[in-house]
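Peer 1: Can you keep this structure in mind? I'll have questions shortly.
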Amino acid sequence: MGKYRFGIDIDGTVTDPATFLPYLNKHFNKDLTIEDIVEYDLTGVLGVSEKELWKWMQVHEPSIYKQADLAKFVKEILEEWKKQYELFYISARPKHVHELTINWFHENTVPYDHIELLGQHNKLEAVKKHQLDLFFEDKHDNACNIAEDARIPVILMDTPYNQAPVPDNVYRASHWNHAKQIVEKLF
């Protein structure tokens, strides 16, 4: 058998989950911390409609993605894993930011074998198409759906917004070093 193929979400997984907060706080005149974000849907905590948030995202997403900070420990671990695993990034980012995303990976020297932007959150089809062996995610329902429907282990990067119960093959990781320990046990 060849290398194991890892599927990896980008935003909130490879990038720091708090990346969007300074921009949201500034624009919506808030003082939120990551601990305040207890739901993936930001409309409630921001007090705005879904339409208003979507409009804001369309304007600000590209500049946020260009400046996104890496999650702690992720770069070193991905560099190490590149030697033994294939790294497939599957993201809900819109397709029109593909070049910007590729540039970010190069500027931050984050290794990759494949980057796919879906423009929507359902990643199950891409997981199956690429025959992924493991997936890393921060969105609770994505993690559960992938684990249950694709029948692969999923590492859920633990955040305040993904605390609902998970099935047996979803493993919570408090940070990337913890995720590495889980991977060592699984593979």
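Peer 1: When the residues of the range 1-31 are filtered to those that are free of Cβ contacts under 8 Å to residues at least 24 places away in the same chain and among the polar types (S, T, N, Q), which remaining residue is least open to solvent (accessible area, probe 1.4 Å)?
Peer 2: Out of the qualifying residues, it is ASN25.
Peer 1: Name the single residue, out of those in the range 123-139 being over 24 Å from LYS75 (Cβ atoms) and charged (D, E, K, R), that is most open to solvent (accessible area, probe 1.4 Å).
Peer 2: Within the range 123-139, the match that is most open to solvent (accessible area, probe 1.4 Å) is GLU125.
Peer 1: For residues that are under 15 Å from the mean Cα position of the chain (by Cα) and without any contact (Cβ under 8 Å) to a residue 40 or more places away in the chain, tally how many sit in the range 148-169.
Peer 2: Residues flagged as under 15 Å from the mean Cα position of the chain (by Cα) and without any contact (Cβ under 8 Å) to a residue 40 or more places away in the chain within the range 148-169 amount to 4.
Peer 1: Could you tell me whether ASN169 is polar (S, T, N, Q) and under 13 Å from ASP9 (Cβ atoms)?
Peer 2: No: the conditions fail for ASN169.
Peer 1: Might you let me know whether the range 140-150 holds any residue that is surrounded by fewer than 21 Cβ atoms within 10 Å (Cβ to Cβ), in a loop (DSSP other than H, G, I, E, B) and among the polar types (S, T, N, Q)?
Peer 2: no
Peer 1: Which ranges mark the helices (runs of 4 or more DSSP H) fully within the range 41-122 that have 3 or more residues being surrounded by fewer than 15 Cβ atoms within 10 Å (Cβ to Cβ)?
Peer 2: It comes to 50-67, 74-82, 98-107.
Peer 1: What number of residues within the range 170-187 satisfy the criterion of being outside any loop (DSSP other than H, G, I, E, B) and touching a residue at least 40 places away in the same chain (Cβ under 8 Å)?
Peer 2: Total satisfying the criteria: 6.
Peer 1: Inspect all residues belonging to the range 1-9 and state whether any of them is outside any strand (DSSP E or B) and within 22 Å of THR159 (Cα to Cα).
Peer 2: Pass one, the range 1-9, residues outside any strand (DSSP E or B): 1-3, 9.
From the residues that got through so far, the ones that are within 22 Å of THR159 (Cα to Cα) too are 9.
Yes; the residues of the range 1-9 include at least one that is outside any strand (DSSP E or B) and within 22 Å of THR159 (Cα to Cα).
The values are calculated or read from the model by the stated rules, or taken from the named source; none is laboratory data. Because the structure is a prediction, the values reported are computed rather than measured. Positions of Cβ are generated from backbone atoms using ideal geometry, with glycine treated the same way; all protein chains shown enter the neighbour counts. Keep in mind that these areas ignore ligands, DNA and RNA; they rest on the heavy atoms of the full protein, side chains included. Shrake-Rupley method; radii C 1.70, N 1.55, O 1.52, S 1.80 Å.
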